Structure formats: structure tokens, C-alpha cells
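Down below is the structure, laid out as C-alpha cells.
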């Protein structure tokens, strides 16, 4: 019979808790509220997913399991933000690597990504162009299969807030772009297997 009273006390305690102990999650979706500093990737909440047409029958999807990234940011000069992303091509994961076919290994190997010769793919920003609200564009040099080309990422700022650790700062972004794989020397089976590769990126960062 004392439970309603106990719940009321608990609720009042939580409401009176200091901001540092607030529940984790997004507290603002304004880029100007992102504190200045260096941010590193939360690798447990990051994905780079590719999509490519397969013989016209489907938009076949795959992902890269090993990704790293960091960026520096100052809300007073968002255009000067610096971003670097590194992907391990050997970590390509099609979700189908059974019955001895070793499809992941094939796509990471000769005629495709050739990860043994080119063990990293990188993106290094050259310019940040803030847009309206939560959107913007990030220009940079993308290196894949030993070839470097300029690309543009369409970016959405998902918000900033607290992580689970008291006083921590976490933020997240969504980004997308499309590249032509033949421009990077990966032209096997074009056009039977599509030349355009759509990349979709979902990332969370922790402030250091």
C-alpha cells in the first residue's frame, strides 16, 4: 500500500536531479549546440552500407564491418571542421558467406577491391558547407583501390546530447553519396553489375 508514495518520491527525485545526471539521449538538433572539440567514432554504433544494381534484378546491399573516423569542430567556424574516415575493404560483409562460396573473400580479392594490395579506403575532408537547419555538404578526397577522387557527402546532423557516462557528450550524423566504381579501377562485370555504388553512412561520435 506504500508503493504509490514510493513512486512519487522517486519521480520527484529524478525531476530534481542536476542536468549532468539527465537521461542520455539527444538534447538538441542544432549544430550550433555541438561543443567545440575533437570527436572519435563510437565503433559499436557505426555502419557504412553499399548498394549496387545486380543485373537489373535487385539493388544488392553489403556493408563494411571495420570503420574508424574522427572529426574536429568549432560551432563558431563550422566550415572549418575537419573529418577523416578509414574503412577496411577486407571487412566487406554481404551477409552470405556459406557453403564454401566465400563470397566476402571474393569481393575483397582480385578483380574487385584487392584489399591485399590496397588495405585501406579513406575519406579526408577538404571543405564543409553548412546548409539549412540540420543539413550540409562535406567535400573531400576519397581514396579506394589506390585511386583518389573528389566526392561530396550529403550530411544530416542528427543531434547532440549525453551518453550513458555522466558528463559525456555524444553526437550523430547520417550521410550519403554515390560513386562510380569504374573510376576507382573496380570495373569487373560493368554494366551487368552496376557501376554506381550508393553509400549510406550512419555514425555516432564521442567527444574526447
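Rule-based calculations on the coordinates, nothing more; no lab input. Quick caveat: nothing in here was measured; it's all calculated off a predicted structure. Virtual Cβ from ideal backbone geometry, glycine too; neighbours counted across all protein chains shown.
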Is it possible to state the helix-based mean residue ellipticity at 222 nm for the chain, with each DSSP H run of 4+ residues giving -39500 (n - 2.57), the sum divided by total residues, to the nearest 500 deg cm²/dmol? What is it? -2500 deg cm²/dmol
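With 10 angstrom as the radius, rank 192, 153 by how many other C-beta atoms surround their C-beta, starting from the fewest.
By the 10 Å Cβ count, ascending: 192, 153.
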Rounded to whole Å, give me the distance from the Cα center of the stretch 119-141 to that of the stretch 60-103. 14 Å
Counting other C-beta atoms within 10 Å, which of 143, 171 has the fewest, and how do the rest follow? 143, 171
Listed residues 44, 156, 122, most fluctuating in the chain (Gaussian network, C-alpha, under 10 Å): 44
Sequence gap at least 6, Cα distance under 8 Å: using those rules, report the relative contact order of the stretch 110-175 to the nearest whole percent. 23 percent
Using the eigenvalues of the Cα gyration tensor, what equivalent ellipsoid semi-axes result for the stretch 3-207 when each is taken as the square root of five times the eigenvalue, whole Å, largest first? 38, 22, 14
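Order by neighbour count: 145, 54, fewest other Cβ atoms within 10 Å first, most last.
54, 145
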Using a simple spin-label model with points 7 Å from Cα along the Cα→Cβ vector, what separation in nm is obtained for residue 79 and residue 40? 3.1 nm
Value of relative contact order over the chain, rounded to a whole percent, pairs C-alpha under 8 Å and six or more apart: 25 percent
